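Visitor: One structure coming up, written as C-alpha cells, with questions to follow.
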C-alpha cells in the first residue's frame, strides 16, 4: 500500500477496501440535482494550485514586457480616461484628481474583466484535459480567477505608488476593508466565470457575448463616474451589481472620498455569493455533458 | 490480494444524435429547440422521438485484483467509451460500476503538456494532472528524466522538442503512475518501433507486478502477451469474455478481426431499408485479392455488394474515405456511365471503385459506404467505418517521395508532373539587362 500513497485520495476512501467491502468509487448516472462536491475539490487542491501556477507562468511567456503589462494596461486606460472624461467631459470625481479616481476603479475592474474573460474561455481551451483525464472540472474555471490575482497585486502596487505621488496616504483602518472587497471581487468573477465557461463549451456564442457583457457591465459600474451620480433611492438596486460595492469600497477605503458604505458592500458580497453558488451548481449540472460536447 | 477490482453491471451509454451537431452548437439552435419542445407540448403527437445511439449497452463484467484484462473489438465497438466511463470522463446513461481501489487512467500520453513550459515544469504539471502529488513527483523526478533520455533539454520549453523527445518525456511521466488499477488506451500506438517496444516492456513490468490493468489495443500480439483474459466488444455489447486465446479466436472467426471485409450474413439486420440492403464491403488489391494493405503506388479497389429490393430507383453508391485522425480525405460517387440516371431493376449489384496509385498518403484509411438517390435526396443505406485498410509506402524513388526517405506528412500523396525552366546564368545587373532586352 505504501506504493500507492502518492495517489490522490478519492472521496470516501478511508483505507482501501478489498473484496466485499464498500467500493472506493461507484460510477453511475449522476442524480438530477447536482451537488457541489466540495470534499473532492479539496482533495484535488494540489492540481488546482498547479493549474494556477501554470496560468501565471504561461501568461507572459515570450513577451518582451512580461508582467509590465499588468501595469501598462490600467495605466494607459487611466491616461485615456483622464483625458476624455476628466479633462474634456469634466466628469465629477468626488473631489479627488481624476487620474487617481479612475485608476482606483480600474485596478479592480481590470482584474475582474481579465479574470472573467479567461475563466469563460478556460473550459473550451481545456478540452484536451476534459476528454482524457478525470478531476473535478470546477478547478478549470476557478484557476484563472486566482491566477489573475498576481497581476492584480502588481497593479495594486502601481495604485499605491500613484497615490503617494499625489500625496495621498490611505489610513490603515480603511485598508482593513480591502480584503473583504477582494473577496467580493473574486466571488463575482468566479461565479460569472462558472456560468460563462459552462455555457461556452455548449454554445460557442458565449465567446461573442462576454466582451459585450463586460462593456455593458463597465458602464453599469462606477468606473468612469462616481456612484454619487446615481440617485440615492436607486443605490441599493445599483449595489446588486457586485462591482459597485467593490469599486466604491476601494474609493472609500483608499481615497477616503466618503465613509465606507457597509450596506452597499453587504449587498454586493451577498450578490457575489449568490452568483458563485448558482454558477457552481449550474456548472456541476452541465458538467456531465462536457466530455461529450467538447 | 483476491477479490474484485472492478464490477460493471449493466453499463450503458447513449448519445443523442444531434449531440454531435451541438458540438459547434449555437444558442440559437438551443433556443429554437426550446421553442420546439414548447410547441411539442401543445401538439404532442407530432413530436419526433429524439434518436439515440447506444455506444455501450448492458455491459457487465468483473475484473479481479491483479488481473490484466485486454479489451478488443473493431472500431466503434465501444472500447473507448467503456474506458471513458470507467475513467469517469463521461458518465454512464444506465447501470453502474463499482471500483475497489484507486484508478489511474492513461488515455493519452502527455495530457496537459503546455508547449510554453519547460520539460521540468511539464513533468510536474502532467504528473499532477494524472493524480500524483508534488512530493511523489519530486522524489521520482530524476528517475523520470533518466527514463525519458532528454536530460539535456529538461529546462527547454517543450515546444522546441522534436516529436520523439516530447513523446518520450510524456511516456516517462505516465510510466511512473502507480495506481492500484491502471486503465490504458492504445498509448502504445504512437512513436517509432523502438519506442513502442520500450512502452510494451514497461506495460509487461506493470502487469507482472500484480497490478490490475485494463488495456485496450488493436494489437492482438500485445494483448495476448500482456493480458491472460480478454473482453470482446461489438456494437456496444459484450460478445465474449474469458481467456485471451479463446476470445481472440472468437474475434478472428467472427470476421470482426479483419478490417478488409465486412459482410452481413443476416439481410434483415444489414444496413438499409425497403429499397436497398447492403450485403458486403471488401477491400481488394489492384490484382483482386482481399487485403488489408494497399501498395501506395499501386492503389486498389473497394467494392460494395448490395441488393436492390424495389424497382425503379436511380441509385448512386458512394464512399467516404477518412484517415486515422478522422479527417475526411475525399468522397466518391459512383459515376459508372451505364447506371448514371438510370433506374435500377431489382437484383444484386457489385459496385467497384478503383483507387489510383499515388493518391493516398500512407497510413490507415477508413471507408464509409452508402447508397443514395440524389434527386430528391434519399439515403437508402449507409454504414460508417465499414472497412479499413493500410496504405503502405515501399519507398519507391519513382513515386512522389523521390529520394527523400524521411517522414512525409499530409493527407494525400499525389504524384505531380514537375517541369523545370532553366535560364542561362545571369550577369551582374540582371534587372537592367532584362529591361534593356527588346
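Visitor: Hey, residue B:268 hits all of (1) free of Cβ contacts under 8 Å to residues at least 40 places away in the same chain; (2) more than 26 Å from the chain's Cα centre (by Cα); (3) surrounded by 14 or more Cβ atoms within 10 Å (Cβ to Cβ) but one; which does it fall short on?
Guide: It is condition (3) that residue B:268 fails.
Visitor: Regarding the range B:338-351, can at least one residue be identified that is modelled with pLDDT of 90 or more and under 29 Å from the mean Cα position of the chain (by Cα)?
Guide: Looking through the range B:338-351, at least one residue is modelled with pLDDT of 90 or more and under 29 Å from the mean Cα position of the chain (by Cα).
Visitor: Could you check residue A:119 against (1) at pLDDT below 95; (2) over 30 Å from residue A:228 (Cβ atoms) and say which number it fails?
Guide: Against the list (1) at pLDDT below 95; (2) over 30 Å from residue A:228 (Cβ atoms), residue A:119 comes up short only on (1).
Visitor: Ok, one more. Checking the structure you have, find out if any residue of the range B:239-260 is touching a strand residue (DSSP E or B) at 6+ places or on another chain (Cβ under 8 Å), part of a loop (DSSP other than H, G, I, E, B), farther than 21 Å from residue B:389 by Cβ and modelled with pLDDT of 85 or more.
Guide: Scanning the range B:239-260, I find no residue that is touching a strand residue (DSSP E or B) at 6+ places or on another chain (Cβ under 8 Å), part of a loop (DSSP other than H, G, I, E, B), farther than 21 Å from residue B:389 by Cβ and modelled with pLDDT of 85 or more, so the answer is no.
Visitor: Can I ask one more? If I go through the range B:156-185 residue by residue, how many of them are within 11 Å of chain A (Cβ to nearest Cβ), out of contact with any strand residue (DSSP E or B) (no Cβ under 6 Å at 6 or more places or on another chain) and touching a residue at least 60 places away in the same chain (Cβ under 8 Å)?
Guide: 2
Visitor: Further, regarding this structure: In the range B:78-112, what residues are surrounded by 23 or more Cβ atoms within 10 Å (Cβ to Cβ), more than 7 Å from chain A (Cβ to nearest Cβ) and in a loop (DSSP other than H, G, I, E, B)?
Guide: Listed by number, the residues that qualify are B:78, B:109.
Results for (1) in contact with a strand residue (DSSP E or B) (Cβ under 7 Å, 6 or more places away or on another chain); (2) within 14 Å of chain B (Cβ to nearest Cβ); (3) modelled with pLDDT of 85 or more; (4) surrounded by fewer than 20 Cβ atoms within 10 Å (Cβ to Cβ), shown as yes or no for each residue.
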residue	(1), (2), (3), (4)
A:6	yes, yes, no, no
A:48	no, yes, yes, no
A:79	no, no, yes, yes
A:83	no, no, yes, yes
A:90	no, no, yes, yes
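Visitor: Then there's this: Being at pLDDT below 90 and closer than 24 Å to residue A:283 by Cβ, is that true of even one residue in the range A:58-72?
Guide: Checked the range A:58-72: at least one residue is at pLDDT below 90 and closer than 24 Å to residue A:283 by Cβ.
Visitor: Here's a follow-up. Among the listed residues A:239, A:198, identify the single one that is at pLDDT 95 or above and under 19 Å from the mean Cα position of the chain (by Cα).
Guide: Of the residues listed, the single one that is at pLDDT 95 or above and under 19 Å from the mean Cα position of the chain (by Cα) is A:198.
Visitor: I would also like to ask the following. Taking the range B:138-155 as the search range and keeping residues that are within 14 Å of chain A (Cβ to nearest Cβ) and either touching a residue at least 24 places away in the same chain (Cβ under 8 Å) or more than 23 Å from residue A:47 (Cβ to Cβ) (or both), which one is surrounded by the most Cβ atoms within 10 Å (Cβ to Cβ)?
Guide: Of everything passing the filter in the range B:138-155, B:144 is surrounded by the most Cβ atoms within 10 Å (Cβ to Cβ).
Visitor: Scan the range B:113-134 for residues that are assigned to a loop (DSSP other than H, G, I, E, B) and either within 26 Å of the chain's Cα centre (by Cα) or on the phi > 0 side of the Ramachandran plot (or both) and jot them down.
Guide: Within the range B:113-134, the first condition is being assigned to a loop (DSSP other than H, G, I, E, B), and the residues that meet it are B:113-117, B:131, B:133.
Listed by number, the residues that qualify are B:113, B:114, B:115, B:131.
Visitor: Then there's this: Considering only residues that are closer than 23 Å to residue B:179 by Cα and modelled with pLDDT of 90 or more, which ones fall in the range B:130-161?
Guide: Matches in the range B:130-161: B:135, B:136, B:137, B:138, B:139, B:140, B:141, B:142, B:143, B:144, B:145, B:146.
Visitor: So, of the residues in the range B:63-77 that are away from chain A (no Cβ under 12 Å) and farther than 21 Å from residue B:386 by Cα, which turns out to be surrounded by the fewest Cβ atoms within 10 Å (Cβ to Cβ)?
Guide: Here the answer is B:67.
Visitor: Oh, and also: In the range B:280-296, what count of residues is obtained for those that are part of a strand (DSSP E or B) and surrounded by 19 or more Cβ atoms within 10 Å (Cβ to Cβ)?
Guide: 5
Visitor: Answer with yes or no whether residue A:75 is within 14 Å of chain B (Cβ to nearest Cβ) and either more than 28 Å from the chain's Cα centre (by Cα) or outside any loop (DSSP other than H, G, I, E, B) (or both).
Guide: Working: within 14 Å of chain B (Cβ to nearest Cβ): no; either more than 28 Å from the chain's Cα centre (by Cα) or outside any loop (DSSP other than H, G, I, E, B) (or both): yes.
The answer is no for residue A:75.
Visitor: Against the condition crowded, with 22+ Cβ neighbours inside 10 Å and either part of a helix (DSSP H, G or I) or within 14 Å of chain B (Cβ to nearest Cβ) (or both), how does residue A:105 come out, does it pass?
Guide: Against the criterion (crowded, with 22+ Cβ neighbours inside 10 Å and either part of a helix (DSSP H, G or I) or within 14 Å of chain B (Cβ to nearest Cβ) (or both)), residue A:105 qualifies.
Visitor: Restricting attention to the range B:355-362, does a residue exist that is within 24 Å of residue B:264 (Cβ to Cβ) and surrounded by fewer than 18 Cβ atoms within 10 Å (Cβ to Cβ)?
Guide: So far as the range B:355-362 goes, no, none of its residues is within 24 Å of residue B:264 (Cβ to Cβ) and surrounded by fewer than 18 Cβ atoms within 10 Å (Cβ to Cβ).
Visitor: Now a separate question. Identify, please: which residue in the range A:251-294 is away from every other protein chain (no Cβ under 14 Å), in contact (Cβ under 8 Å) with a residue 40 or more places away in the chain and not in a helix (DSSP H, G or I) and is, among those, surrounded by the fewest Cβ atoms within 10 Å (Cβ to Cβ)?
Guide: Going through the qualifying residues, I end up with A:258.
Visitor: So, one more: Could we say that residue A:124 is surrounded by fewer than 20 Cβ atoms within 10 Å (Cβ to Cβ) and within 14 Å of another protein chain (Cβ to nearest Cβ) here?
Guide: Against the criterion (surrounded by fewer than 20 Cβ atoms within 10 Å (Cβ to Cβ) and within 14 Å of another protein chain (Cβ to nearest Cβ)), residue A:124 qualifies.
Visitor: Which numbered condition in (1) surrounded by fewer than 17 Cβ atoms within 10 Å (Cβ to Cβ); (2) in contact with a helix residue (DSSP H, G or I) (Cβ under 8 Å, 6 or more places away or on another chain) is the only one that residue A:172 fails?
Guide: (2)
The values are calculated or read from the model by the stated rules, or taken from the named source; none is laboratory data. Note that the structure is predicted; figures quoted are calculated from it, not measured. Cβ atoms come from the backbone with ideal geometry, glycine included; neighbour counts cover every protein chain shown.
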